[in-house]
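The values are calculated or read from the model by the stated rules, or taken from the named source; none is laboratory data. Bear in mind the structure is a predicted one, so any value in this text is a computation, not a measurement. For neighbour counting, all protein chains shown are included, and Cβ atoms are generated from backbone atoms with ideal geometry for every residue, glycine included.
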Amino acid sequence: MATVELRFSALPEHVRTARLVAAAVARRAGVDEAVLDEVRLAVGEACSRAVGLHQSGGLSSPVRVALIEDDKKFAIEVGDDAAVAGETGGTAVGGAADGAEDESDMGLAVISGLVDDVEVLSDDHGGLIRMTWPTAPAPLFS
């Protein structure tokens, strides 16, 4: 299992870089070419959501992205440090101020529409969006 990790300051201008890196790693991992636009869009939404949560919470820690290549699947995990007071585990949507909460929910709805296998987790340390796509078997000869 190969993993690429990316950390970036919670600034909107870095989301594009995360999208480009995710698409390149997904392509190398064997994700179908027809799905790469969905990968880019989903990663953009997840990273934008994390950036918004960090900015609304006044957090200076970086947004975390892990790109995980496995035998039959490719996973992307986007983590934030926006703690949810009083919640642990489950499928909560992360901590957000009232104004940012609607925007955060909209981002999750877009991600759910783009990715068949998505999981949203949060605890008192932050949130994580895990998205998974199938990969094609590697060619025998390249």
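Quick look at the numbers
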| read-out | value |
| --- | --- |
| Single condition residue 106 does not satisfy, out of (1) hydrophobic (A, V, I, L, M, F, W, C); (2) at pLDDT below 85; (3) farther than 21 Å from residue 19 by Cβ | (3) |
| Verdict on residue 33 being touching a strand residue (DSSP E or B) at 6+ places or on another chain (Cβ under 8 Å), at pLDDT below 95 and closer than 21 Å to residue 2 by Cβ | no |
| Evaluation of residue 114 against (1) aliphatic (A, V, I, L, M); (2) surrounded by 14 or more Cβ atoms within 10 Å (Cβ to Cβ); (3) modelled with pLDDT of 95 or more (one fails), failing number | (3) |
| Pairs where the first residue, in the stretch 72-92, is at pLDDT below 60 and the second is in a loop (DSSP other than H, G, I, E, B), C-beta under 8 Å, 6+ apart | 85/95; 85/124; 87/124; 88/124; 92/84 |
| The stretch 55-65: number of residues that are surrounded by 21 or more Cβ atoms within 10 Å (Cβ to Cβ) and at pLDDT below 95 | 0 |
| Residue under evaluation residue 25, criteria (1) within 24 Å of residue 121 (Cβ to Cβ); (2) modelled with pLDDT under 95, criterion not met | (2) |
| Selection count where residues are out of contact with any Ser or Thr (no Cβ under 9 Å at 6 or more places or on another chain) and surrounded by fewer than 21 Cβ atoms within 10 Å (Cβ to Cβ), scope the stretch 9-18 | 5 |
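One line per residue, one yes/no per condition, for (1) closer than 22 Å to residue 136 by Cα; (2) free of Cβ contacts under 8 Å to residues at least 40 places away in the same chain; (3) surrounded by fewer than 21 Cβ atoms within 10 Å (Cβ to Cβ):
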residue: 7; (1), (2), (3): no, no, yes
residue: 24; (1), (2), (3): yes, yes, yes
residue: 27; (1), (2), (3): yes, yes, yes
residue: 35; (1), (2), (3): yes, no, yes
residue: 42; (1), (2), (3): yes, no, no
residue: 49; (1), (2), (3): no, no, no
residue: 53; (1), (2), (3): no, no, no
residue: 67; (1), (2), (3): yes, no, no
